[in-house]
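Asker: Please read through the structure below; I'll follow up with questions.
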Amino acid sequence: MTASIKRNAVTKALTFSILLIAQLILLDRYINNDSDVDVDTDQSNVRGRRRQLSEPLLPFDDVEVTTSAETTDVNANEQRGDDNKSEQLEDEEIETEESKLQKRTRQYLGGLYPKVDSDQMPLYLRDTNELTDEMDELSLRWGEKVDYGDRPFFWHIPKASGSTMKNILNFCFNLKRAENVDGKPSMKLVRDNVVNMDVNSPDGLQHAYENDLVNSGEVDVIVSNYFISGSALFTQQHHGRAFTIMRHPIDLAESLFHYRKKASWEPSYRRDWNTITFAQYVSSDAYMGNWMVHQLTGTMAGETLAVKHLEHAKDVLQRKVFVGIASQMDETMRQLKLYFNWKETQPFCVFNYLHSTPTNTNKHPKMVRGSEQWNLVAEKEKWDLSLYYYALELFSRQRERFPPADRASEGLISIKNDVPDD
């Protein structure tokens, strides 16, 4: 009996010892990352896998046990952390550059984009000849022009008789337009025929769009420097009928330079330009030309233009924009009055604004045509120059569509136009 008990005790002791040794072997293999233990070879996952294996073996989970394998793991994570920080910085730089580009694009093009047709033309801008025949037929039948609910859209090219044109719209044709002249934009009428809304800045255009300005009935005409974003304001209920006044691009560039360096009341004021000449400005990398082609095609300043951009700009101009010429303002206004059926509120109102009270004039020295400086600007403005010469052709075709009614009207064309430099 005693021997049997002793044998049982020895057997139990041996069994316990074997189990203990097995436990120690497994623990040793785990700690030393033996190849028989299933450990993820991805160092980023070693800690997570090890903690799962260790839970039943090491209940003191809050105690850090650092092994050679864990040291490797920590180093790998530190390296990964450095890589992540580097990637994060790169992402932030990319986001910063992207946000800067988005901001510049919004500032340059206005931030709104209209619905377009299959030719990538603004859908809610009428073609210049879309309603002419139909309207003429109905006008003859009913004895008066038919109102389709369209709204004139004056694409205002800076320093191309814009201020004079706005006064003519207000006071000679009694048309209400939007211009932010009194603090926060609102639908308030702040002066004669001027509603206190902004359509000449990205934020203002967005606000006008959200408040459905064109459909509100508060304005009769939209005046904006932004062609694409301005056209986005029009709707199926109220299409836009666009027109503009174009000026020779070299004259325009020179005028704009001299104006911006003295117009301290303008957001575009450039005091630093008082220390340089126009020739120095044109020769610098800061000079960005071909504004009209960029605006009509929705391309950013600095983006390389090609023939395809010019051709698209020509197509837009021919189909969607009734063209006036700054050096022929009497003929321009004669055509516009017929195209829009505008009636002057008093005789000679338009004539007086063009010749007696021009607005926002800006006298400055002018380059000699054909000079080295003139040719330099011509090279930088080559796409806008081509567009301008095409506009002269369109202007001539419009005259054929809307010929002078009598010799008296014909005579007004011969009056020399001193271009309102506004």
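Asker: Quick check on region 200-242: of everything there that is buried (at least 24 other Cβ atoms within 10 Å of the Cβ) and among the aromatic types (Phe, Trp, Tyr), which residue is farthest from Thr299 (Cα to Cα)?
Answerer: Across region 200-242, the extreme among qualifying residues is Phe234.
Asker: Which members of region 274-308 meet the condition of being surrounded by 13 or more Cβ atoms within 10 Å (Cβ to Cβ) and part of a helix (DSSP H, G or I)?
Answerer: Those that are surrounded by 13 or more Cβ atoms within 10 Å (Cβ to Cβ) and part of a helix (DSSP H, G or I): Phe278, Ala279, Tyr281, Val282, Ser283, Trp291, Met292, Val293, His294, Gln295, Leu296, Thr297.
Asker: Any idea which of Glu331, Glu311, Glu344 is in a loop (DSSP other than H, G, I, E, B) and not aromatic (Phe, Trp, Tyr)?
Answerer: Details: Glu331 fails: in a loop (DSSP other than H, G, I, E, B); Glu311 fails: in a loop (DSSP other than H, G, I, E, B).
Testing whether each residue is in a loop (DSSP other than H, G, I, E, B) and not aromatic (Phe, Trp, Tyr) leaves just Glu344.
Asker: Quick test for you: out of Val368, Val377, pick the one residue that is touching a Phe, Trp or Tyr at 6+ places or on another chain (Cβ under 9 Å), modelled with pLDDT under 95 and surrounded by fewer than 16 Cβ atoms within 10 Å (Cβ to Cβ).
Answerer: Val368
Asker: In addition: May I ask you to list the residues in region 153-188 that are among the hydroxyl-bearing types (Ser, Thr, Tyr) and either without any contact (Cβ under 8 Å) to a residue 24 or more places away in the chain or open to solvent by less than 10 Å² (accessible area, probe 1.4 Å) (or both)?
Answerer: Those that are among the hydroxyl-bearing types (Ser, Thr, Tyr) and either without any contact (Cβ under 8 Å) to a residue 24 or more places away in the chain or open to solvent by less than 10 Å² (accessible area, probe 1.4 Å) (or both): Ser161, Thr164, Ser186.
Asker: Here's something else I'd like to know. How many of the residues making up region 257-273 are closer than 16 Å to Tyr287 by Cβ, out of contact with any helix residue (DSSP H, G or I) (no Cβ under 8 Å at 6 or more places or on another chain) and open to solvent by 50 Å² or more (accessible area, probe 1.4 Å)? I'd like the intermediate steps shown before the answer.
Answerer: Within region 257-273, the subset closer than 16 Å to Tyr287 by Cβ is 257-261, 268, 270, 272-273.
Add one more test, that the residue is out of contact with any helix residue (DSSP H, G or I) (no Cβ under 8 Å at 6 or more places or on another chain), and what stays is 259, 272.
In the following step, the residues that additionally are open to solvent by 50 Å² or more (accessible area, probe 1.4 Å) were identified as 272.
Within region 257-273, residues that are closer than 16 Å to Tyr287 by Cβ, out of contact with any helix residue (DSSP H, G or I) (no Cβ under 8 Å at 6 or more places or on another chain) and open to solvent by 50 Å² or more (accessible area, probe 1.4 Å) number 1.
Condition check ((1) closer than 23 Å to Trp374 by Cα; (2) in contact with a Ser or Thr (Cβ under 6 Å, 6 or more places away or on another chain); (3) of a type outside the set (A, V, I, L, M)) across all residues:
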{"position": "Leu213", "(1), (2), (3)": "no, no, no"}
{"position": "Asp220", "(1), (2), (3)": "no, no, yes"}
{"position": "Phe227", "(1), (2), (3)": "no, no, yes"}
{"position": "Gln236", "(1), (2), (3)": "no, no, yes"}
{"position": "Arg241", "(1), (2), (3)": "no, no, yes"}
{"position": "Ala263", "(1), (2), (3)": "no, no, no"}
{"position": "Trp273", "(1), (2), (3)": "yes, no, yes"}
{"position": "Thr277", "(1), (2), (3)": "yes, no, yes"}
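Asker: So is Lys380 among the basic types (Lys, Arg) and out of contact with any Gly (no Cβ under 9 Å at 6 or more places or on another chain) or not?
Answerer: Considered against the rule, which asks whether it is among the basic types (Lys, Arg) and out of contact with any Gly (no Cβ under 9 Å at 6 or more places or on another chain), Lys380 comes out as no.
Asker: Looking at the structure I just gave you, is Lys363 over 16 Å from Leu252 (Cβ atoms), of a type in the set (D, E, K, R), open to solvent by 70 Å² or more (accessible area, probe 1.4 Å) and not in a helix (DSSP H, G or I)?
Answerer: no
Asker: Of the conditions (1) more than 30 Å from Trp374 (Cβ to Cβ); (2) among the charged types (D, E, K, R); (3) open to solvent by less than 30 Å² (accessible area, probe 1.4 Å), Arg319 fails just one. Which one is it?
Answerer: (3)
The values are calculated or read from the model by the stated rules, or taken from the named source; none is laboratory data. The structure displayed is predicted, hence computed values, not measured ones. All Cβ positions, glycine included, derive from the backbone under ideal geometry; neighbour counts span all protein chains shown. Just the protein is used for accessible areas: all its heavy atoms, side chains included, with ligands, DNA and RNA removed. Shrake-Rupley method; radii C 1.70, N 1.55, O 1.52, S 1.80 Å.
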